[in-house]
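Have a look at the structure below, then the notes.
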Amino acid sequence: MAFEAWVEACLYDPDGGFYAAGGSAGRRGDFLTSPEVGPLFGAVVARWLDDRWEALGRPSGFTVVEAAAGVGTLARGVRAARPACLEAGRYVMVERCAVLRDAQPTGDGLESTASLGEVSAPGGDGLVGVVVANELLDNLAFGLLEAVDGDWCEVLVDLDPDVVADGADQPTFREVTGVAVRPPVDVAPMHGARIPVQAGAGQWVDDALGLLSAGSVLVVDYASTTAALAARPFGEWVRTYRGHQRGRPAGSAPGTQDVTVEVAVDQLPPGATNAATQAAFLRANGIDELVAEGRRRWAERVGIGDLDALRARSRITEAEALLDPDGLGGFTVLEWRVGS
């Protein structure tokens, strides 16, 4: 089986895939993303949404499409911040896993669908708005190549014949090398090096751009380049998670763990007009002001100790996690703009 097909089945198979079996983000899930840190991330994203809405001339029917929305944590955070762009606009959560869609919020201008292709604008024209993807591209199925004797060869997944011969109840799998293929970008094939093939991520960006007549596609993820990944051990940039712990190798334990890969930005469509770290993006969109406001509210209400005071105090700890340069703050933010 091609490695890409293996990852697709491990993550998204409707019967035995990781997400169908209950895998998810969140403190009670398997990994933590920025929206699950707390509502502060959504509040900053809401500010960015209003800025884009203003730049586009305050269009009516402004649409926010969030891909890989999960259980709707980011949607809740954005809606709680009450951005002006959504007063007459809509927020569409795209989530392919039915289990996660069932847990999403409803009402208050929120919609839900299973695929990006099902999102449409009134009248069939392109959308005016934004498409947001927080930690989606790293979770799309990817291929894998290994350098062997001067060529890039496809990595496949196969049953381990020794284990099968022993009559094991549960089969185990191994990675095997296939035929030589052309790499996605020109990288010297140093023997033993590996690189990802992220055609699915590139296609997703193209599809998201194709939805818009005017607006932005915003991607937040941990990212690198193909050449940089080739120079690093494979296990550093293909990661598995389960229960907030690193999991087993990606070629094992199908359906029981999340499988992610650092995003090779040189395999994505060109034209991203803004590139920054998450920390820089959040600061450019007012996180420091929101934290300062939280400090003031906390100082005013610390003697009361009510829920409002605790929410204000939590902004400080949330900001520390979101801005950490060695963690979420070091993620890459890319923005492609259409019609503006």
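Conditions (1) under 21 Å from Val45 (Cβ atoms); (2) surrounded by 15 or more Cβ atoms within 10 Å (Cβ to Cβ); (3) under 15 Å from the mean Cα position of the chain (by Cα); (4) among the aromatic types (Phe, Trp, Tyr), marked per residue:
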{"position": "Leu218", "(1), (2), (3), (4)": "yes, yes, yes, no"}
{"position": "Tyr222", "(1), (2), (3), (4)": "yes, yes, yes, yes"}
{"position": "Ala231", "(1), (2), (3), (4)": "no, no, no, no"}
{"position": "Gly243", "(1), (2), (3), (4)": "no, no, no, no"}
{"position": "Arg248", "(1), (2), (3), (4)": "no, no, no, no"}
{"position": "Pro254", "(1), (2), (3), (4)": "no, yes, no, no"}
{"position": "Ala264", "(1), (2), (3), (4)": "no, yes, yes, no"}
{"position": "Pro270", "(1), (2), (3), (4)": "no, no, no, no"}
{"position": "Gln278", "(1), (2), (3), (4)": "yes, yes, yes, no"}
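Using the structure shown, decide if Asp258 is acidic (Asp, Glu) and open to solvent by 40 Å² or more (accessible area, probe 1.4 Å). Spelling it out, it is not the case that Asp258 is acidic (Asp, Glu) and open to solvent by 40 Å² or more (accessible area, probe 1.4 Å). Counting only helices (runs of 4 or more DSSP H) that fall entirely inside the range 1-108 and contain at least 1 residues that are open to solvent by 40 Å² or more (accessible area, probe 1.4 Å) and small (Gly, Ala, Ser), the qualifying elements are 3-12, 40-55, 73-80, 98-101. Remark: Val187 falls outside the filter, which requires a residue to be in contact (Cβ under 8 Å) with a residue 12 or more places away in the chain, part of a strand (DSSP E or B) and crowded, with 21+ Cβ neighbours inside 10 Å. Inspection of the range 116-135 identifies at least one residue that is within 21 Å of Trp6 (Cα to Cα), modelled with pLDDT under 95 and touching a strand residue (DSSP E or B) at 6+ places or on another chain (Cβ under 6 Å).
The values are calculated or read from the model by the stated rules, or taken from the named source; none is laboratory data. Quick caveat, the model's predicted, so the values are computed rather than measured. Using ideal geometry, Cβ is built from the backbone for each residue, glycine included, and neighbour counts are taken over all protein chains shown. Remember, those area values only see protein heavy atoms, side chains included, never the ligands or the DNA or RNA. Shrake-Rupley method; radii C 1.70, N 1.55, O 1.52, S 1.80 Å.
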